Amino acid sequence: MLGAVLRMRLRVLRRHLRLRLHGRRRRRRCRSRRGGGGAAGGEEEGVREPVLLVSGMGGSVLHARRRSDPKFDLRVWVRILLADLEFKKFLWSLYNAKTGYVESLDDDVEIVVPGDDHGLFAIDVLDPSWFVELLHLTMVYHFHDMIDMLLDCGYEKGTTLFGYGYDFRQSNRYNPLNQHLSGFIWML
């Protein structure tokens, strides 16, 4: 049993090292595209249009928060460990046809998208648990590689690189969701 665990861990470490090496090659390519750092390259480097990464269906981290307990904050989507238990407990909802809003069955629970790291946390690695990090499960690395590539190319979090995660269970016709996204875009 221990031998199998060690073999798996070695395989994960090898893959991680290969990805790091690949990232260094990518940085070199990015630098060569920018002109190698000459005077003209420095001017180009300073002018970056803001980039807003918007996830698709199921592509945002969702947290459950209790209205009665502000300290309670639990990631419920995406979870690989104990996924079914947490999903049933917090994410079961009903669609309200009058408001166009998906409402939680528990009135004390509010489902929110974390806004950490200028919105990038919610769309980067969808299951940022120690288990996923340990095994380097890339199936939940949603925008991770793209964010790394943009950072390597000179984009800066909060200045020229932003993420927008949203509660994908809600209709895109839901007015507050549209207003929030419009406000975010106008802020850029």
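For the set W130, W186, the ranking by accessible area, highest first and with no ligand, DNA or RNA atoms included, is W186, W130 under a 1.4 Å probe.
Label-to-label distance, F131 versus N96, with points set 7 angstrom from Cα along the beta-carbon direction: 3.3 nm. FRET efficiency for the pair D107 and D145, taken as 1/(1 + (r/R0)^6) with r the Cβ-Cβ distance and R0 = 35 Å, rounds to 0.35. The lysines within cross-link reach of K71, meaning a Cα-to-Cα straight distance under 25 Å and a gap of 8 or more places when in the same chain, are K88, K89. Computed with every protein chain present, the accessible area of L85 is close to 90 Å² [probe 1.4 Å].
For segment 95-167, the per residue solvent-accessible surface stands at 50 Å², with DNA, RNA and ligands left out and a 1.4 Å probe.
The values are calculated or read from the model by the stated rules, or taken from the named source; none is laboratory data. Note that this is a predicted model, so its numbers are computed, not measured. Glycine gets a Cβ as well: all are built from the backbone with ideal geometry, and neighbour counts include every protein chain shown. Note: areas computed on protein heavy atoms with side chains; ligands, DNA, RNA excluded. Shrake-Rupley method; radii C 1.70, N 1.55, O 1.52, S 1.80 Å.
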